[in-house]
Amino acid sequence: MADDLSVANAARVSFARRKDELDEADEGLIRFLMRDRHGTPFEHNAFRYHIRCPIFVAREWMRHRIGSFNEFSMRYARATDDFYVPAAEDVRSQVGKPGAYTFEAVDAELAESTRAELQAVYEHAYEVYERLVEQGVAREVARAALPVGAYTEFYWTVNARSLMNFVSLRAAETAQREIRRYAEAVEQLFAREMPVTHAAFVANGRVSP
Ligand SMILES: Cc1cc2nc3c(=O)[nH]c(=O)nc-3n(C[C@H](O)[C@H](O)[C@H](O)COP(=O)(O)OP(=O)(O)OC[C@H]3O[C@@H](n4cnc5c(N)ncnc54)[C@H](O)[C@@H]3O)c2cc1C
């Protein structure tokens, strides 16, 4: 539900003009709008994503207020036994101080024991959850046993301006690795559907207008 033409037409309505096909002048206009931070013409489009991610990633994601969310409900449906166990190379240490952390690989033994400990906690948590539900405890109460590594799913509908803000912050080096991977995937669809806008965003230092 998005294309570059919608940006040019939204800007050109100021002069009561509209085109059916994008041309070079429109591409220049999009670059100008991005550079001079005329942000509103980038709002007349929508991307809808169906995301499956751990709850701790979803919590970061849902801080982005300009967009719409609908999420899987653990009140109405039974939780799945799907949990995030990082790959060994993603088990990392945190070095430095707030604002300037670096994340460095840990040795193979610690990586494997971390993975095993997380797996054990998940299995125990899910066992408690299932038992409580079977004993008649409401799902909305039993879910308190589940950790933030549990997977959730949601729909996210967002316009290009807010999407650029998300990508700018969450595909950055400073973002947590797990959400960064999602942000990179999100950006691929954006680049495919709005290539001129995406190129202008990159040329403008990856800052949302
Ligand atoms: C690396 C990183 C670390 C973070 N650490 C923390 C943390 O420790 N604690 C924490 O609480 N959050 C943290 N956050 C979340 C961050 O503070 C933002 O809530 C989140 O990135 C959403 O950004 P946003 O407000 O720009 O996006 P959106 O909510 O989508 O808003 C988009 C834009 O709309 C405008 N806008 C939206 N709402 C308002 C408003 N109420 N008033 C004025 N303008 C508004 C702003 O221009 C904003 O940039 C972190 C984010 C990142 C990327």
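The values are calculated or read from the model by the stated rules, or taken from the named source; none is laboratory data. Quick caveat: nothing in here was measured; it's all calculated off a predicted structure. All Cβ positions, glycine included, derive from the backbone under ideal geometry; neighbour counts span all protein chains shown.
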Item checked: Breaking point among (1) free of Cβ contacts under 8 Å to residues at least 24 places away in the same chain; (2) surrounded by 13 or more Cβ atoms within 10 Å (Cβ to Cβ); (3) in contact with a strand residue (DSSP E or B) (Cβ under 9 Å, 6 or more places away or on another chain), for residue 137 -> (3)
Next item on the list: From 56, 154, grab the single residue that is closer than 30 Å to residue 195 by Cβ and aromatic (Phe, Trp, Tyr).
Entry: 154
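Results for (1) more than 16 Å from the ligand (Cβ to nearest atom); (2) of a type in the set (Gly, Ala, Ser); (3) modelled with pLDDT of 95 or more; (4) assigned to a loop (DSSP other than H, G, I, E, B), shown as yes or no for each residue.
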{"site": "86", "(1), (2), (3), (4)": "yes, no, yes, yes"}
{"site": "115", "(1), (2), (3), (4)": "yes, no, yes, no"}
{"site": "118", "(1), (2), (3), (4)": "yes, no, yes, no"}
{"site": "124", "(1), (2), (3), (4)": "yes, no, yes, no"}
{"site": "129", "(1), (2), (3), (4)": "yes, no, yes, no"}
{"site": "136", "(1), (2), (3), (4)": "yes, yes, yes, yes"}
Check: Here is a list of conditions, (1) touching a strand residue (DSSP E or B) at 6+ places or on another chain (Cβ under 6 Å); (2) within 16 Å of the ligand (Cβ to nearest atom), and residue 104 meets all of them except one; can you say which number that is?
Finding: (2)
Check: Mind checking whether some residue in the stretch 51-70 is without any contact (Cβ under 8 Å) to a residue 60 or more places away in the chain, within 16 Å of the ligand (Cβ to nearest atom) and small (Gly, Ala, Ser)?
Finding: no
Next item on the list: Look at residue 37 and say whether it is touching a residue at least 12 places away in the same chain (Cβ under 8 Å) and out of contact with any Asp or Glu (no Cβ under 7 Å at 6 or more places or on another chain).
Entry: yes
Next item on the list: Filter the stretch 139-190 down to residues that are within 19 Å of residue 90 (Cβ to Cβ) and assigned to a strand (DSSP E or B) and give me whichever is nearest to the chain's Cα centre (by Cα).
Entry: 151
